[in-house]
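> Sharing a structure with you now.
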Amino acid sequence: MEQKRAPIWEKLLKWQQKEHLWLHVPAHGGGAGLPLELQKYFGNYASFDLTELPGLDNLHEPRGIIAEAQALTAQLFGAKASFFLAGGASAGVRAMIRACCNPGDTILVARNAHKSLYEALVFTGVIPRYLPVEIVDGFPLNITAEAVKEGFARYPEAKVLFITSPSYYGVTADLPSIAEEVRKAGALLLVDEAHGAHLEFCGQLPAAAGPYCDLRVQSWHKTLGTLTPGAVLHCQTERIAENRLPLALRDVQTTSPPYPLLASLDLTRRAMALKGEEITAKMLVNAEKLRHALAAYFPLLQRQQVRSLGFDLDETRVTMLVGKAGICGLTAGRKLAGFGIDLEIIQADTLLAVIGPGYTFSWDERIASVLKAIPRRTRSFRPMQAIPAIPEMVLTPREAYFRPATKVKLQAAVDSTAWEMIVSYPPGIPLVLPGEKLTSEVIAYLQEARHLGVDFMGIDSTGQVLVCK
């Protein structure tokens, strides 16, 4: 297939060359119906915001330009089939679980999974068995092959392993060894590769998940530069039931094709096909420059260290381990934001900078002066306590969802069963899941984090949480 083509974009451009009487949705009529404030900035965008018209395509059952663009994507990424996602990688995660699991099935889940996975568990009625991620000096790395092996030994009935690689911080798991354990168990391997689409194009970065998994989802707006929330789901093997995946995708996708978003996926695929190595090499060079500059101010998560522990690190994710320097990450991150330096993650012990195709290294005395002014080793700051152990699962997420709930103060919730997840976002990795016991250790951790200024979804502004009656 011709990777120089961009079928969706080409069709949309051709569409603009002819005058049309707009007697269909969207009701903005190509921009004229937008509020006046938006017309100035979004008028051109809106002219591409079309629907399932003759000559275009249907997102739920593509046979034209969307189908062609998806086929080009599958060819580039070495997949059996690829599917554009209008609801982000979250939609892809939900679709993967729906496609592979039946009610009552057992699934092994690495505990650093995104919250969208747990929403899928509620819908499907699958029974999750959680596997711990390796934590070193209070920092979560990723799942190990040994933990996977032990998980299948304990739950041999498990049909699926769901892992996240790379992690939000760019730490990749030992995929070849994990895949071997999954195959021995006769299970499927599903990978949330939301932060790893660029790994396909650079030999200096960790290996991509494609050769090792059955399904993987990538968030292209996080790594390759598409419009938010552009993402793609890849089917890598023929072990997935042929009809289940398209049906699952229809369940989680809008029926209204967002053509500007789809065009951005199409053009991004073409750019990566033609210049992917050049683009990712530039990302890595810029990341190395930023790392060198930041190392004078903060300890950084280093690839050599991560590799020595059996993992690998995508160095375009720059993690500043500010807690090790006695610096409060929340204070530092907010101070940087006040000077227009915006980071991906601001947490008590860590800050995360993400280097994408749109970043150009820029360093001047203004930035240096801001970093020098960040308070160090303040008496009031101490590193966060260790992340608590995985709580006991009293109810499955689905069982908890259908229980009546009541609100209680966080400090009074000890030994109660959580009704909803408690999660700091970003990174969106739940500390407590629906159906789990709120232990005293978990409560203490949450109280300390909130005292430091960490916000949690699942704890309201009055400090109350929902628990099962």
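> Could you list, in sequence order, all residues of region 292-336 that are of a type in the set (Val, Ile, Thr) and in a loop (DSSP other than H, G, I, E, B)?
Those that are of a type in the set (Val, Ile, Thr) and in a loop (DSSP other than H, G, I, E, B): 316, 327.
> If a residue has to be surrounded by 12 or more Cβ atoms within 10 Å (Cβ to Cβ) and under 30 Å from the mean Cα position of the chain (by Cα) to count, how many in region 2-46 make the cut?
So the answer is 14.
> Suppose we filter region 297-333 for residues that are without any contact (Cβ under 8 Å) to a residue 24 or more places away in the chain and either surrounded by fewer than 15 Cβ atoms within 10 Å (Cβ to Cβ) or more than 21 Å from residue 369 (Cβ to Cβ) (or both); how many remain? Walk me through it before giving the result.
Kept after step one, since they are without any contact (Cβ under 8 Å) to a residue 24 or more places away in the chain, are these residues of region 297-333: 300, 302-305, 307-308, 329, 333.
After this cut, where a residue has to be either surrounded by fewer than 15 Cβ atoms within 10 Å (Cβ to Cβ) or more than 21 Å from residue 369 (Cβ to Cβ) (or both) as well, the list is 302-305, 307-308.
Here the count works out to 6.
> In this structure, does residue 154 turn out to be at pLDDT 95 or above and more than 30 Å from residue 260 (Cβ to Cβ)?
Considered against the rule, which asks whether it is at pLDDT 95 or above and more than 30 Å from residue 260 (Cβ to Cβ), residue 154 comes out as yes.
> Quick one: which helices (runs of 4 or more DSSP H) sit completely within region 1-77 and have at least 2 residues that are more than 29 Å from residue 199 (Cβ to Cβ)? Can you show your working first?
Numbers: elements: 7-16, 36-47, 65-77.
Ranges flagged: 7-16, 36-47.
> Hey, another quick one. Does residue 108 satisfy being buried (at least 21 other Cβ atoms within 10 Å of the Cβ) and assigned to a strand (DSSP E or B)?
yes
> From the set of residues in region 126-155 that are in a loop (DSSP other than H, G, I, E, B) and open to solvent by 20 Å² or more (accessible area, probe 1.4 Å), which is farthest from residue 94 (Cα to Cα)?
It comes out as 137.
> For the subset of region 238-275 comprising residues that are under 22 Å from the mean Cα position of the chain (by Cα) and hydroxyl-bearing (Ser, Thr, Tyr), which member is surrounded by the most Cβ atoms within 10 Å (Cβ to Cβ)?
268
Per-residue answers, yes or no, for (1) free of Cβ contacts under 8 Å to residues at least 40 places away in the same chain; (2) of a type outside the set (Asp, Glu); (3) surrounded by fewer than 18 Cβ atoms within 10 Å (Cβ to Cβ); (4) closer than 19 Å to residue 113 by Cβ:
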site	(1), (2), (3), (4)
385	no, yes, yes, no
388	no, yes, yes, yes
401	no, yes, no, yes
406	no, yes, yes, no
418	no, yes, no, yes
427	no, yes, no, yes
431	no, yes, no, yes
441	no, no, yes, no
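> Run residue 81 past the list (1) out of contact with any strand residue (DSSP E or B) (no Cβ under 7 Å at 6 or more places or on another chain); (2) closer than 22 Å to residue 243 by Cβ; (3) in contact (Cβ under 8 Å) with a residue 40 or more places away in the chain and report the number of the one that doesn't hold.
Condition (1) is where residue 81 drops out.
> If you scan region 187-233, which residues turn out to be open to solvent by 10 Å² or more (accessible area, probe 1.4 Å), hydroxyl-bearing (Ser, Thr, Tyr) and not in a loop (DSSP other than H, G, I, E, B)?
212
The values are calculated or read from the model by the stated rules, or taken from the named source; none is laboratory data. Since this is a predicted model, take the numbers as computed values, not measurements. Don't worry about glycine lacking a Cβ; one is built from the backbone with ideal geometry, like all the others, and counts go over all protein chains shown. Keep in mind that these areas ignore ligands, DNA and RNA; they rest on the heavy atoms of the full protein, side chains included. Shrake-Rupley method; radii C 1.70, N 1.55, O 1.52, S 1.80 Å.
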